[in-house]
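What follows is one structure encoded as structure tokens, with my remarks underneath.
The values are calculated or read from the model by the stated rules, or taken from the named source; none is laboratory data. These numbers were taken from a predicted model, which means no experiment stands behind them. Neighbour counts run over all protein chains shown; Cβ positions are idealised from the backbone, glycine included.
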Amino acid sequence: MAHRQGHSGVAGGRLTPRTESKTLEPATPGGGPHMCRAAILGIAASLLAWSVVAAQTISSFETDEQMALFSPGAVQMERVQEHATDGQWALRVLFPGSEKDSWPGVNFRPDVDTTQFQVLVFDAYNPGEEPVSLSWRIDLKSGENQFGGETIPPRTPHRVEIWITGMSAIERIYPYCRMPRKDYTLYLDNFRWEAMGDRFTPLYYVDDTPPPQPTAGEQQRGFILYRRPLTDVVFNNSVPRPLERIETVDAFGTLGEREAATLSLYALRDLQQVSVTVEGLPIEAEVLPVRTLNKRVTYSSTEYIADMPVLCERRASVDIAGGSSKRFVIDFRIAADATPEVHKGAVRISVGGAEALSIPMRLRVLPYRLVEPTDMYWGEYYTGPKFADTDEAKIATMKADMADMRANGMTSVGLCFGPPTDTLVWAADDTCSITWDGTSLYEHFMDTYVELGYPMPVVLLSDSGQGAAGMGIDDPVSSERWANRYKAYWSMMQQEQQKRGWPELFVQPVDEPGWQDRAAKDRNVYCLKLLKQIPGMRTEQDGPGDDYFHNEAGPYADMWNYNGALVKPERIRQIQEDGRIVVIYNCDVESYRPETNRYTAGWFQLAAGINGCYNWAYISFQGTPYDDLDAKSGTWMHVYPALGDEPGGPSTGWIGAREGIDDYKYVHTLREAIGRAQDSGNRRAVEAAEQARGVLDGLLASIDYSERVRSQARWTVTGATADGKKTIGGTLEQPNGWDHGEYERARWRIAEATMSVFEALGEIPARVVRTPASAAGGDLVTDHRWYEADAAAPAQAGARAHQVTIPVWGAAPTLDGDLSDPIWENAARLDPFVLMNGAADPLMQTDVLLGSDATTLYLGIACHEDNMGAITARISDDGGRVWEDDCVELYVDDNLDGRSYRQVLANSLGTQSWNNSEDKSWRAASRVATKSHRDRWVVEWAIPMADLGLTGQQFGLNVCRERRPMETLELSCWSPTGTGFAVPERFGLASLGQAWIADFQAPPARLGTNTFAVTLVNETAETRAFNTSLFTQWPGLQYLRHLSAGSTGGISLAPGERRAFTHEYGLSGTEVPQLTYRAYDAGRAVTDPIAERVFTPRLIQPLNVAVRPQTTYLSEHAAAAEFEINLADDLRAKAQLSLCLRREGDAAVLRRASLFPIEGSRLGVALSLRGLGPGEYALTATLETLSAPGTVGPIRLAEGEILRSSPVLAEAVAKLCRVRGPFD
């Protein structure tokens, strides 16, 4: 992966260290030797001891003394006055290419105590046309070495950071090029030491839920007990939500299954030494309090979530401050021989060593075992044992790691170290053999893999064959001899794996070549082709699903491993029909998103129809494992190690992944049962199978499937404090249409369907099922709370949701990629971007300025970016696949037909591409200039309006951005379009400035009174008087309103005068007509306007409703409904909300309620479901007016003048499902 650090785990995969090679090639680029426990503890101690150290310049190559700190290592160095970033001079370095393996670089020997700094920084500029991979080696005075590297993009100022956090004193730092096959030049400048300082920005979780009123019993014991689904979040400052309080803990599972239950304590006072244990159940359990850590939003981000609950800690007791919450995870395995029944035990909660309080816990053990599929690849990337200082400890640690992975459902491993090379022998005929002496980590891994019963092949990410093929020869990689030796090595390894009973290997020649340079891409394809010449050898490729992945490397890879997002389902089916295995990887490398991991491993696999997922990494980190802010990249910890006083434990994401695997197993077990039933000839079994299939199909249909998983989870509430600190709130949700509780309830529905099939087949005894009679009467609403939304109207996707008036300039800007030209001060500015689906703001914002002259449309676009060194910039030929780079895209719908569009794209290199939905040969004569900065890249565009087809004053417009640094793919735009950018009916509306109307804005509208704003300008040499009006047409009706009525002689504007006006109009129904604003000379007819603007108000959805949970058990008597009501203030006072509950497909109303007055824009309601039997129900919400009939209609242009009447304003329906639960 682009971020895989320390692949080797143990250099060369051998336990006993061997003599170090004299070459400067690390065992694995970007990684280094494992760090011992003492070293990590030393880092942690030094972090605490560090004082703030000011940045210190090393060299800007301004003097001979500064130059003397650097010496060449097989490179040509010259001090030049080009591309200097500090002072006038920079260092130009020529790295010579060679057909032989070489590592040319620059020696830098520090002359200060390096332990006082955290990072070495320097600026690099690559003048070439393609990226350059720059590696580095750090030699410590202790004799140890550290390695790293990154890619230097072409023609972009680049900041290189070499983090030295916690390292002992440094002897030498050696930046170098790894085996360059051609010459590369880099300009280096401004070498400096830096401390971490204030480089990170926190996000604070805010919970505004009112604290619950404790009962007398809760007050006495000192806490409120509540439960949230495993995938939901409980922060320290979380407050129990309505309906979350519990007095019993319930769980269910199958024989031998590993399961997790949760409970949370909300402390009413300070609680000391709180411990939780479980007793009286047929399980092996450990109770893990969930600890919070600072976690970066993504591993490369400079923003972090303060105190994110992520670590399920193996700690016996914890303290809980009054007014705060603490979650506990009961992680248990059901005995394989447990009796299938409801078992009753207890959760024991002890505070301060006092006598424990006993809370009932019920466990339903189901009468079957889950079936593990034989075609699913679930795996972690594994770099080897950590914190082990002896050979015996390394073996024991690795075996424990592998056992833990297997126990948590993993069926494969992505292995990041390979076979040893020091016992590899080449014969004169270029055949080879290897001796297994029991000392290599690789041997112990393979033996343990077999012993633990991993059923699937290993994906080997360390292609030791490339190094082995070059041993002892000078022949280049491109030579026939090297190719034959490479094939000979892997043929030998294939035979060795078979002979020793070890698993099959899928070999990956180059890790994530899609993010590497052309040489790495070509080497990957070259090696894949050689591997496929070996009979039976299978291969793997990973990376983004781009053209290289599909069409260059793809034909030679057996496993296609997509990074974070698949392609369209029909393409997936085609790939599988061609014999490829499709998996996905790295959907949550930070491992604080348990829902993402659960969904990816389970229901996403089922919805997508693919064969598994991998994730980086079991244990991987830079700096220290418990500090996410002490290195350039954050930690990738799915399991936290025991270290010093840290007891360690799994992450919430790790447990979420296991539960997702079990979700899949539940469905797989059901599918096998359905297959047996259909083949049985047993009519009752066939009927049960059909009913079970209906349940499964219904659950799959309820998923809002998207091929994208990574970076899609969003907080339901975002905001800022009064002093500007960013905040998050609500919950973290994967946008798949399911609430957090639906996963467990879906699992139960699958389990119940499975047992029904088993019963029909006679494989388990028949159950006694009691279905209580439904009660139709009773109250529907037992409690409610009105409140206002934290922000303005939601950004709902819809036609013409965003509008802009583009000014017409008398001059053109200088096209140089610099937006400091004064003409841009008079540009129109687009609203901030949102994600493509409109759900939230992007991590990185985009600023867009627009202007025009008589012939040309101008855009100035600033793409903010925290990771400028990692943006994708590979396409250098105009007309190429620019959309596979970080890029911006302009979309224009010239005729507003909502179907056709023209598209212009540009990347940070200034490469352009064009697309016309109706003419694939179309190409605009657009000109572009780009410039990259430390924290953003800028595009300045000039596009002929005639090429865009712009002949009128208005057109559809959207500006979009594809952001993809460091594996992230973030799609954002001005006007949200849903699931793709090319959706013209959802573009915004652009208007070119015209005579008299300088600006026109009609914001999204609500039912009731709304406004639009117009700015009029007189650009003539005389004072002019004119009138304005608003005109509408409706089928069979038309209406004209004089807006300037009462102005004697009309509105008067002096030469050059600009004046803004605000006008009202009213909407009273969801059918919205087209409106026309006209300006015309005083004394002239309205039908003879000098200017007009036609617009259709975009109506914000008046009413939305959601019910949580979507599925409830019969023993649960309540659910929560949330309503969003968007009415203007004047209509809100005249409206009421009516609710009615019906059985799906039945017109009879079971329960109803009305709420008046409407006191806010948000409403939370507790719904009474007591007595309702199993089945599907519909909750219908209706907004209606209390006025007499005839006073409400679709549009009101003036007080008392209304067209079309109806008392109903809007309706919304939410579905809910009642099912028998595990304890019903």
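Numbers at a glance
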{"quantity": "From MET405, MET446, residue being within 30 Å of THR339 (Cα to Cα) and buried (at least 22 other Cβ atoms within 10 Å of the Cβ)", "calculated": "MET405"}
{"quantity": "Residue identified as under 21 Å from THR209 (Cβ atoms) and either touching a Cys at 6+ places or on another chain (Cβ under 6 Å) or touching a residue at least 40 places away in the same chain (Cβ under 8 Å) (or both) among ALA1153, ALA1091, ALA1121, ALA1128", "calculated": "ALA1121"}
{"quantity": "Test for ALA84: is it within 20 Å of PRO153 (Cα to Cα) and outside the structural domain of ARG874 (by TED's automatic domain parsing)", "calculated": "yes"}
{"quantity": "Residue count, segment 109-131 (criterion: in contact (Cβ under 8 Å) with a residue 60 or more places away in the chain and surrounded by fewer than 21 Cβ atoms within 10 Å (Cβ to Cβ))", "calculated": "11"}
{"quantity": "Qualifying residue in segment 985-999 (condition: assigned to a strand (DSSP E or B), in contact with a Phe, Trp or Tyr (Cβ under 7 Å, 6 or more places away or on another chain) and at pLDDT below 90)", "calculated": "yes"}
{"quantity": "Single residue of segment 716-760 satisfying the filter (free of Cβ contacts under 8 Å to residues at least 24 places away in the same chain and under 25 Å from the mean Cα position of the chain (by Cα)) that is nearest to LEU835 (Cα to Cα)", "calculated": "THR716"}
{"quantity": "Subset of segment 230-277 (residues that are part of a strand (DSSP E or B), under 31 Å from the mean Cα position of the chain (by Cα) and among the hydroxyl-bearing types (Ser, Thr, Tyr))", "calculated": "THR262, SER264, TYR266"}
{"quantity": "Output for segment 131-153, where each listed residue is under 12 Å from GLU171 (Cα atoms) and of a type in the set (D, E, K, R)", "calculated": "ARG137, ASP139, LYS141, GLU144"}
{"quantity": "Selection from segment 634-650 of residues that are crowded, with 20+ Cβ neighbours inside 10 Å and part of a loop (DSSP other than H, G, I, E, B)", "calculated": "GLY634, THR635, HIS638, PRO641"}
{"quantity": "Of the criteria (1) out of contact with any Asp or Glu (no Cβ under 6 Å at 6 or more places or on another chain); (2) surrounded by 22 or more Cβ atoms within 10 Å (Cβ to Cβ), which one ARG963 fails", "calculated": "(1)"}
{"quantity": "Residue ID - surrounded by the fewest Cβ atoms within 10 Å (Cβ to Cβ), chosen from residues in segment 321-346 that are outside any strand (DSSP E or B) and charged (D, E, K, R)", "calculated": "ASP337"}
{"quantity": "Selected residue (criterion: surrounded by the fewest Cβ atoms within 10 Å (Cβ to Cβ)) from residues of segment 744-770 that are of a type in the set (Lys, Arg) and either modelled with pLDDT under 95 or part of a loop (DSSP other than H, G, I, E, B) (or both)", "calculated": "ARG770"}
{"quantity": "Subset of segment 834-874 that is under 28 Å from ALA811 (Cβ atoms) and either outside the structural domain of GLY949 (by TED's automatic domain parsing) or part of a loop (DSSP other than H, G, I, E, B) (or both) - its residue that is farthest from the chain's Cα centre (by Cα)", "calculated": "ALA854"}
{"quantity": "Segment 676-707, residues that are β-branched (Val, Ile, Thr) and closer than 28 Å to GLU733 by Cα", "calculated": "VAL695, ILE703"}
{"quantity": "Cβ-Cβ under 9 Å pairs, at least 6 apart or on other chains, segment 910-933 side more than 19 Å from LEU948 (Cα to Cα) and in a loop (DSSP other than H, G, I, E, B), far side at pLDDT 95 or above and of a type outside the set (D, E, K, R)", "calculated": "GLY910/VAL928; GLY910/ALA929; GLY910/THR930; GLY910/VAL939; HIS933/ALA862"}
{"quantity": "Condition met for TRP715 (touching a Gly at 6+ places or on another chain (Cβ under 7 Å) and either assigned to a helix (DSSP H, G or I) or surrounded by fewer than 17 Cβ atoms within 10 Å (Cβ to Cβ) (or both))", "calculated": "no"}
{"quantity": "Tabulated pairs, segment 1166-1183, first basic (Lys, Arg), second assigned to a loop (DSSP other than H, G, I, E, B), C-beta under 8 angstrom, 6+ apart or interchain", "calculated": "ARG1170/ALA775; ARG1170/GLY778; ARG1170/HIS1117"}
{"quantity": "Selection count, segment 1137-1170, where residues are surrounded by fewer than 16 Cβ atoms within 10 Å (Cβ to Cβ) and of a type in the set (S, T, N, Q)", "calculated": "1"}
{"quantity": "Residue check for THR1070: in contact (Cβ under 8 Å) with a residue 40 or more places away in the chain, in the same structural domain as ARG1006 (by TED's automatic domain parsing) and under 37 Å from the mean Cα position of the chain (by Cα)", "calculated": "yes"}
{"quantity": "Conditions (1) in contact with a strand residue (DSSP E or B) (Cβ under 7 Å, 6 or more places away or on another chain); (2) over 28 Å from ASP935 (Cβ atoms); (3) part of a loop (DSSP other than H, G, I, E, B); number of the one not met by ARG181", "calculated": "(1)"}
{"quantity": "Positions within segment 200-229 being touching a Pro at 6+ places or on another chain (Cβ under 6 Å) and either part of a loop (DSSP other than H, G, I, E, B) or without any contact (Cβ under 8 Å) to a residue 12 or more places away in the chain (or both), in sequence order", "calculated": "PRO212"}
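A quick yes/no check of all residues on (1) over 30 Å from VAL206 (Cβ atoms); (2) at pLDDT below 95; (3) of a type outside the set (A, V, I, L, M):
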| residue | (1), (2), (3) |
| --- | --- |
| ASP697 | yes, no, yes |
| VAL717 | no, yes, no |
| ASP723 | no, yes, yes |
| THR727 | no, yes, yes |
| GLY730 | no, yes, yes |
| GLU742 | no, no, yes |
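To keep it simple, each residue is scored yes or no on (1) at pLDDT 95 or above; (2) buried (at least 18 other Cβ atoms within 10 Å of the Cβ).
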position	(1), (2)
ASN484	yes, no
GLN494	yes, yes
PRO509	yes, yes
ARG518	no, no
LEU531	yes, yes
PRO535	yes, no
GLY543	no, yes
ALA557	yes, yes
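Yes/no per residue for (1) under 34 Å from the mean Cα position of the chain (by Cα); (2) surrounded by fewer than 19 Cβ atoms within 10 Å (Cβ to Cβ); (3) outside the structural domain of PRO131 (by TED's automatic domain parsing); (4) not charged (D, E, K, R):
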position	(1), (2), (3), (4)
ILE173	no, no, no, yes
LYS182	no, yes, no, no
THR185	no, yes, no, yes
LEU188	no, no, no, yes
GLY217	no, yes, yes, yes
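For every residue, the table says whether it meets (1) touching a residue at least 12 places away in the same chain (Cβ under 8 Å); (2) within 24 Å of ASN586 (Cβ to Cβ).
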residue	(1), (2)
CYS416	yes, yes
GLY438	no, no
MET456	yes, yes
SER491	yes, no
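Every residue, every condition in (1) among the aromatic types (Phe, Trp, Tyr); (2) within 30 Å of ASN563 (Cβ to Cβ); (3) crowded, with 19+ Cβ neighbours inside 10 Å, yes or no:
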| site | (1), (2), (3) |
| --- | --- |
| CYS973 | no, yes, yes |
| GLU985 | no, no, no |
| GLY988 | no, no, yes |
| ALA998 | no, no, yes |
| LEU1007 | no, no, yes |
